[in-house]
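The values are calculated or read from the model by the stated rules, or taken from the named source; none is laboratory data. Computed from a prediction, not measured in an experiment: that's the story for all the values here. Cβ: placed from backbone, ideal geometry, glycine included. Neighbour counts: every protein chain shown.
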Amino acid sequence: MIDRLRLVCRIRSRHSLLFFAPALFLAAAVLAGTVTPLLAQKTDTLIVRNGDVMTGEIKEFVRGKVEFSTDAAGTIYVKWTRVLTAETDKRFEIVLADGTSVFGSLALGAEPHRLKIVVDRDTLEVATQQVVRMGRVKETFWRRLDGSIDLGVDFTQQNAKTDFSFGAEVKYKKDHNNFRLNLSTSFSRQDDTDNITRLNASLLYLREFAQTWFYSGLVGAEQNSQLSLDIRGSVGGVAGRFFVQSNKVIFLSGLGLAYGREQFSGQEADNVFQGTILTDFEFFSWGGLDTDLSSQLIIIPVINQGGRWRISFVTSFKREIVKDFYFNVSINEQFDSQPPTEDTEKNDLSLTTSFGWSF
């Protein structure tokens, strides 16, 4: 009886092996077919000044550096000024120094210091250093999102002064369409004085067209107890031009119109029709860590209140501590030439320090 059971078990074991062997072989084949294309993705090429040919995957090229993924060394960053030419079959948005923006891939140039931009069936050859930015065309909604979060807390024991700040930014880009959601708020408390609260929220749409020109639409809301402003909502648009777009500097300016409704403490709500004069400057550099310096000036003449004008000036210095984590110092100045009452402050100057994470 025991021998018979052993024989049955052997037969069943053989049948089990015969059944699972094809399944295991099929799974291995599918896995190999899946892994091979993943490994084969790193076929992009960078040729640098010393003649080295680097093989990997170009992630993006922004602010003067190429994020380049390799099998041997992981992710490295290559200065674009050291690149002679490049090749990739992946689709990028490629921006040139004159503001031209095209969607295509790259091929090696016919001569050193040149590369070819392949757009559908057309090919454009340019000097390598004429390319100032390349962003990978991402296929899904979530992959197109970028942003950052800032948090700052200060406390002084002597006068029980507490400062809290929070900021968040989310950006979405598809082709030439850009969306940006911003939120910043701060709270200051000190003994024997009133609390100070500030809030700014905005949704911006920007459309690039005709090389260096752009149009933007903005919906915003703000509150500032230092200026006795309970709430101000506005909607408007700006048309302008990029004057500089390089590996280190972006400078733009624009003009626009907006409609707003505002209410100050103890006052009735009022409608405002206003103009907008905008300048925006950004400088960035990198070594082992990134450094950003940005400054924005907005002058707002209030059309239906003759002689009244407002100024918004923001300067920010951001220094990366480790990858994706940074330290930020910003100065914010708000000015109103005609506050609602004589007791209301005309300007509000604030200095904020915070730590942040970008994603």
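Tabulated data
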quantity: Unique residue being of a type in the set (D, E, K, R), assigned by TED's automatic domain parsing to the domain that holds L199 and at negative phi when the list is K90, K171; calculated: K171
quantity: Only listed residue being more than 26 Å from N328 (Cα to Cα) and touching a His at 6+ places or on another chain (Cβ under 7 Å), chosen from R232, R207, R261; calculated: R207
quantity: Conditions (1) surrounded by 15 or more Cβ atoms within 10 Å (Cβ to Cβ); (2) closer than 25 Å to T81 by Cβ: number failed by R310; calculated: (2)
quantity: Residues located in region 333-359, provided they are among the acidic types (D, E), touching a Leu at 6+ places or on another chain (Cβ under 8 Å) and in a loop (DSSP other than H, G, I, E, B); calculated: E345
quantity: Conditions (1) at pLDDT below 95; (2) within 30 Å of F103 (Cβ to Cβ); number of the one not met by A239; calculated: (1)
quantity: Odd one out for D150 among (1) at positive phi; (2) buried (at least 17 other Cβ atoms within 10 Å of the Cβ); (3) of a type in the set (D, E); calculated: (1)
quantity: Residues of region 322-359 classified as loosely packed, with under 13 Cβ neighbours inside 10 Å, under 18 Å from the mean Cα position of the chain (by Cα) and at pLDDT 90 or above, total; calculated: 2
quantity: Residue count, region 190-224 (criterion: without any contact (Cβ under 8 Å) to a residue 60 or more places away in the chain, part of a strand (DSSP E or B) and not hydrophobic (A, V, I, L, M, F, W, C)); calculated: 11
quantity: Single residue of region 91-114 satisfying the filter (in a strand (DSSP E or B) and touching an Asp or Glu at 6+ places or on another chain (Cβ under 7 Å)) that is modelled with the lowest pLDDT; calculated: S101
quantity: Any chance F264 is touching a residue at least 60 places away in the same chain (Cβ under 8 Å) and more than 23 Å from S358 (Cα to Cα); calculated: yes
quantity: Selection status of Q245, more than 23 Å from S184 (Cα to Cα), polar (S, T, N, Q) and surrounded by 15 or more Cβ atoms within 10 Å (Cβ to Cβ); calculated: yes
quantity: Residue within region 268-285 that is under 15 Å from S234 (Cβ atoms), surrounded by fewer than 15 Cβ atoms within 10 Å (Cβ to Cβ) and of a type in the set (S, T, N, Q) present; calculated: yes
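So that you can scan it fast, the table gives a plain yes or no per residue for (1) under 21 Å from E139 (Cα atoms); (2) of a type in the set (F, W, Y); (3) free of Cβ contacts under 8 Å to residues at least 60 places away in the same chain:
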residue: K42; (1), (2), (3): yes, no, yes
residue: K65; (1), (2), (3): no, no, no
residue: I94; (1), (2), (3): yes, no, yes
residue: F103; (1), (2), (3): yes, yes, no
residue: I117; (1), (2), (3): yes, no, yes
residue: T123; (1), (2), (3): no, no, yes
